Amino acid sequence: MNPWTCSNPSSCSSSNWNPVALNSKINIPASSPFTATRGARRIVDEVYEVCNRKWRGIGELPLSGLRLRSQYSGFDAEKVFGLESSGVEEDSECISAQVLMGQKKPTDCPAFGNRCTPERPLGAPMVSTEGACAAYHQYKQHLIQVAQ
Ligand code: SF4
């Protein structure tokens, strides 16, 4: 079978299916995913440098973030809009730092599901659907079933 007409590699015989030959015909290096990753990393390294970063609920962690290199500072919203010293205060009731570090579960928080909900979040983990507290809130009926 011609590799150009074989739409399902698993159904083609190994003697006829040659992805390297196919790649050479369409001019994609055999290692293109890795080449692309290296290329992307080179661009990220050119544009960004490692820096200390504040993480909501946890605080500043050394060398945990990226910032634009000085030659790209014209694109840096923190500098352009004077936001470098801005921060967000966590609600005193919120235990998100412990949740984010895996020391406590969202259900250990006294505000979970009552004073803190996805509609009225007190902390970052309840804001977006992938946040731990929001996920626990969405699937809390399963927690009750497991406990019974
Ligand atoms: S339930 Fe709300 S208040 Fe409690 S840790 Fe999660 S985000 Fe913070």
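The figures follow:
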read-out	value
Spin-label zone in segment 33-49 - amide nitrogen under 13 Å from a point set 7 Å from the Cα of TYR72 along the C-beta vector	40-49
Sorted by Cβ neighbour density within 10 Å, fewest at the top, the residues GLU119, GLU90, GLU49	GLU119, GLU49, GLU90
Cα-centre dipole for segment 96-147 with unit charges at Cβ (Lys and Arg positive, Asp and Glu negative), debye to 20	120
Amide proton proximity set for LEU122, modelled H, under 5 Å, gap of 5+	THR117
Partner aspartates and glutamates for LYS79 [C-alpha distance under 16 Å; skip if fewer than 8 residues away on the same chain]	GLU49
Calculated FRET efficiency for the pair ILE58/LYS105, C-beta based, R₀ 22 Å, to 0.05	0.85
Gain on full stretching of the segment that runs from LEU83 to CYS51 - 0.36 nm per residue minus C-alpha separation	9.9 nm
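Quick note: the coordinates plus some simple rules give every number you see, no bench work behind them. Since the model is a prediction, treat every value here as computed from it, not as a measurement. In this analysis, Cβ positions are derived from the backbone assuming ideal geometry, glycine residues included, and neighbour counts consider all displayed protein chains.
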